[in-house]
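Let me begin by presenting the structure, written as structure tokens, before commenting on it.
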Amino acid sequence: MSQPQSSYPPAQQGAAPVQIGFVLDQQPGYGQMAAQPSAPPPYYQGQAAMAMPPQPNGAADQQAFTPWQPNQASDAGPSYQGDDIPDTDPEDNDDDEAPPSNLPPPDINSFEAPPGYEQSGAAAGAPLPPPAYQPPDEASRPMQTFTGVGTMNEQQVRDAICAFADKQCCYGTGAAERMVFEKMDPSGGLHYQLESFTETRSTSWEHLPYRGGPIDGPDCGLAPAVWDIACSPFKLFDTHDKLIEIPHTSNIKVCHNCTGCGFVRCPRCHGRGRVRCSSCHGSGHRTHHSQGKTERRTCFSCHGSGKKRCGRCGGDGRITCPICEGFAKLRWYIQLKVQYINNVEDFIHEPSDLPDELIRDVSGKSVFEQTLPYVWPISQYEVPEINENSFRIVERHRNAWPESKLLQQRQILRSVPITEVKYMYKQEGGRFWVYGNEHEVHCPEYPQQCCWGCTIL
């Protein structure tokens, strides 16, 4: 029995099948509609074959959905003429993952932005200033209480210097075991740190392939103001970003990259649909050596043609548009980018000769800690330098980020135990420091830096 013939050309080998009809999904709130089979456009063949754009299936959808119609300029597909098209077939070993050359996006300034979003561009623009805030009242200043500082004993110091020598390459542990401690001077390094957790908001136009369905556009309501959109951080004092689609800002436009075709020129074969055979380099023959004889044989890879079908496009010369993913239209909307930034500034007070930066990376004892929307500077601590620098840092953070909203502040004053040790070893004196709860050691002039005390490597 003969099979009925289709009026559409058959899909080329290696290409996706052509979808002749489609089935509508029933959505809540929409009436019953029968699915109508539709014939694909002439160019929906080969690698460019794809599902037809969804059709409207309800009254609400009818208002927002514009039926897709191919224009005359794009009906025959994109033009593959130009200086960038090679005269000969490209080599088969070209980069198969080469991305297509995307066209520039449309002028964002031509979009009708909702009130308050006129400055939205193609990328996240300048931060939008938050509402003004009132500084805390002096009457709300909390009481400040401080805890004491810990010290180390001689055995802890001895264990620390022995462990230090044992971890160093070629250091002898004998000096650490036999050195005599002449003086131990305990002190405490102070590390003050202020964290200001801020929120910054900016907007930009973004797009997604439009696969059909209702559109939340300006007809659905007025877009809310930037700082009226509810958003909260995942975690306080942790830098991260959040992206939110602003309601009632969507609109549908033809894809700028493929001009509504749904496909673009193949970047591997440059639209020719074929590549030069890599086995014979386009000659169609290969030289075969066997038992001292040389024969010229037909290339087994291309069967003598010297050409092969492009594996990227299946010989079609075009691939699905990566911007609209073959749906020919884009849904443009305004995206809100919320940046949560933890701004950290600190001050170290350490009266000994131990390098101050070593205090920052070890643990100690919390002397004072406070977390408030707006903290008050430390003003009653026994070390004047801490009071002065706390006031300086807190005041600077009050107005350091005028385009951001200050969400929370946290200040911590830590006391890091430090013991300066003066010792004698073989009639020579020296000193080292033990610091932090980890009992780290800073001893740049350790007396036995080579094994067994030798001085020649």
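Assorted remarks:
- Percent RCO, i.e. relative contact order, over the range 330-424, from Cα pairs under 8 Å lying at least 6 residues apart: 36
- If the chain linking E357 and N109 were pulled fully straight, counting 0.36 nm for each residue of separation and taking away their Cα-Cα distance, it would gain 84.3 nm.
- A126 versus S290: modelled label distance in nm, points set 7 Å from Cα along the beta carbon direction: 7.7
- Remark: for residue pairs K329/K405; K307/K329; K308/K329; K253/K308; K167/K422; K235/K337, the C-alpha separation exceeds 27 Å in K329/K405; K307/K329; K308/K329; K253/K308.
- The label-point distance for E118 and N437, in a model that sets each label 7 Å from Cα toward Cβ, rounds to 5.6 nm.
- Our note on the geometry: Cα centres of the range 342-397 and the range 171-217, 16 Å apart.
- Annotation for R392 and H281: the two label points, set 7 Å from Cα along the Cα-Cβ direction, are 7.2 nm apart.
Laboratory data are not the source of any read-out in this text; all were calculated from the coordinates shown. Just so we're clear, the structure is a prediction, and the values are computed from it rather than from any experiment. Backbone-built Cβ (ideal geometry, glycine too); neighbour counts: all protein chains shown.
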